[in-house]
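Undergrad: Okay, handing you the structure first.
Please treat every number below as a calculation from the coordinates, not as lab data. Because the structure is predicted, anything quoted here is derived from the model rather than measured. Please note: Cβ atoms are built from the backbone with ideal geometry, for glycine as well, and neighbour counts cover all protein chains shown.
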Amino acid sequence: MTGTRPAGPKSSDVPAAGRDVVAVLRAGMLTTVQDLGRPGWAHLGVPRSGALDPGALRLANRLVGNPESAAGLEITLTGCELRFRRATTVAITGADAPVHVGERPGDVGRPLAVPAGAAVRVGPPRTGLRSWLAVAGGIAVEPVLGSRATDTLSGLGPPPLHDGDRLPVGAPTGPPAPVDVTVTVPAPDEVRLALHLGPRADWFTPPALDLLFGTAYTLTPVSNRVGARLSGAPLPRAVSGELPSEGLVLGAVQVPADGQPLVFLADHPTTGGYPVVGVVVDVTPLAQARPGTTVRFYGPQRGSR
């Protein structure tokens, strides 16, 4: 496939107050600008998007003195490296990853002072999958529908970062937070997800629901910000007909023709034609789940097992 990718965000695209520039030295496998998303547009086919772990982004923003809704970076698996034109403060949360400011090692979960011209390197995580980086003032790319989030499905918001991109940064709004203790929670080898059945659980046989709640699934490499694809016992259907497209929400567990569950995440489509057997209460644990992670469902209808 050939073509010209969209240009990354440039400092000249924003007002002067947002021209403290961050240079992307190494973008890594997938680094995107994320905030808390753009709710309220599903009726126009626009998903919420936003950070896959909103709590981690909120914490990073608090650590550098930003409003919790400020835009930061979501960094996937391979890390990234950034150079800051002016002295600032950054914080990295999420996965347990090695961090360096220049040649000095830094801690995940603490505000880090960055001298002017210094590079910040976030390495591949020791456990988990994603890190979130906040910078004092927030990433000041132009908002789209009220959000600066990159939506990888619809293409709204700035494109994923590439080497050589430049990111504008806003003016700091508050002092960094005082932090004495850093706690990093390792990613588990098994993820347990609370699931409420419906709206189309009746399209599946009783043995299918026993399989859904009673067997383990494995997160496959064909997973991304749109959805977590699982591999395991196929779920046999009681209804073989076709279903008109219906609305989808965050955490919907759709079952395509192969019977393998798919858990929709932040960049999910807003409609779909395969039946939804249930909805996961909180998809946040999947933000740090690597391919190969065991996934189990439980719910009030079937017990915790």
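Undergrad: Explain nothing, just the number: relative contact order of the chain, from Cα pairs under 8 Å at least 6 residues apart, as a whole percent. Don't jump to the answer; show the numbers that get you there.
TA: On the way: 832 pairs, mean separation 63.6, N = 305.
Computed over the chain, the figure is 21 percent.
Undergrad: Can you give the charge dipole size of region 190-298 about its Cα centre, rounded to the nearest 20 debye, using +1 on the beta carbon of Lys and Arg and -1 on the beta carbon of Asp and Glu?
TA: 240
Undergrad: Helix-only estimate, please: 222 nm mean residue ellipticity of the chain, summing -39500 (n - 2.57) across DSSP H runs of length 4 or more and dividing by its residues, to the nearest 500. Mind dumping the intermediate values first?
TA: Numbers: 2 runs with 20 residues, N = 305.
Roughly -2000 deg cm²/dmol at 222 nm, from the helical runs in the chain.
Undergrad: Would you work out which of Asn224, Gly292, Leu235 lies farthest towards the positive end of the dipole of region 224-305, given +1 charges on the beta-carbon of Lys and Arg and -1 on that of Asp and Glu, about the Cα centre?
TA: Value computed over the given set: Gly292.
Undergrad: For region 189-212 and region 100-168, what is the centre-to-centre distance using only Cα atoms, to the nearest Å?
TA: Region 189-212 and region 100-168 have Cα centres separated by 36 Å.
Undergrad: Tell me, Ser49, Ser240, Ser223 in order of fewest to most beta-carbon neighbours within 10 Å? Could the numbers behind the result be given before it?
TA: Details: Ser49 30, Ser240 6, Ser223 20.
Exposure proxy ranking, most exposed first: Ser240, Ser223, Ser49.
Undergrad: If you take every DSSP beta bridge fully contained in the chain, what fraction is antiparallel? Give it as a percent rounded to 5.
TA: On the way: 57 of 62 bridges.
Percent antiparallel among DSSP bridges in the chain is about 90.
Undergrad: Mean-square fluctuation check for the chain, GNM, Cα pairs under 10 Å: which of Ala257, Ala95, Ala194 is largest?
TA: Looking only at Ala257, Ala95, Ala194, the largest GNM fluctuation is found for Ala257.
Undergrad: Sort Arg290, Arg200 so that the residue with the fewest other Cβ atoms within 10 Å of its own Cβ comes first and the one with the most comes last. Can you show the working numbers first?
TA: Numbers: Arg290 16, Arg200 19.
In order of increasing Cβ crowding within 10 Å: Arg290, Arg200.
Undergrad: Assign unit charges at the C-beta atoms only (+1 for Lys and Arg, -1 for Asp and Glu), then state the dipole size of the chain relative to its Cα centre in Debye, rounded to the nearest 20.
TA: Values: 27 positive and 24 negative charges, 83 e Å.
Using only the charged Cβ atoms, the result is roughly 400 debye.
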